[in-house]
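The values are calculated or read from the model by the stated rules, or taken from the named source; none is laboratory data. Just so it is clear, the structure is predicted and the values come from calculations on it, not from any experiment. Using ideal geometry, Cβ is built from the backbone for each residue, glycine included, and neighbour counts are taken over all protein chains shown.
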Amino acid sequence: MVSIAADKSAVVAVDTFRPHPIYKRRIRSTKKYLVHDEENRAQVGDVVEMLPSKPISKRKRFILGETVQKSK
């Protein structure tokens, strides 16, 4: 979880790793998704599960599932 500034919304960052085509080192790519959080239960730093859903708004296509790990 990256941000919870908006009401009933949260921003989740998803990291993917792929090898560099020449140097074979891992490259991290980060993509941010807007997630619908109905009860505002997520906190910044939580590891959460995103579930696909029908489009809720222009950018929200996921709903918040369960919290896998709470922030410290």
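Just a few scattered comments:
- Meets criteria (modelled with pLDDT under 95, out of contact with any helix residue (DSSP H, G or I) (no Cβ under 7 Å at 6 or more places or on another chain), among the aliphatic types (A, V, I, L, M) and surrounded by fewer than 12 Cβ atoms within 10 Å (Cβ to Cβ)) for Ala5: yes
- One residue stands out among those in segment 52-72 that are touching a Phe, Trp or Tyr at 6+ places or on another chain (Cβ under 9 Å) and not in a strand (DSSP E or B): the one that is nearest to Leu34 (Cα to Cα), which is Arg59.
- Within segment 16-28, the presence of a residue that is over 19 Å from Lys72 (Cβ atoms), at pLDDT 95 or above, in contact with a Phe, Trp or Tyr (Cβ under 7 Å, 6 or more places away or on another chain) and surrounded by 13 or more Cβ atoms within 10 Å (Cβ to Cβ) is excluded.
- Hits in segment 19-48 - residues which are assigned to a strand (DSSP E or B), more than 11 Å from the chain's Cα centre (by Cα) and hydrophobic (A, V, I, L, M, F, W, C): Ile27
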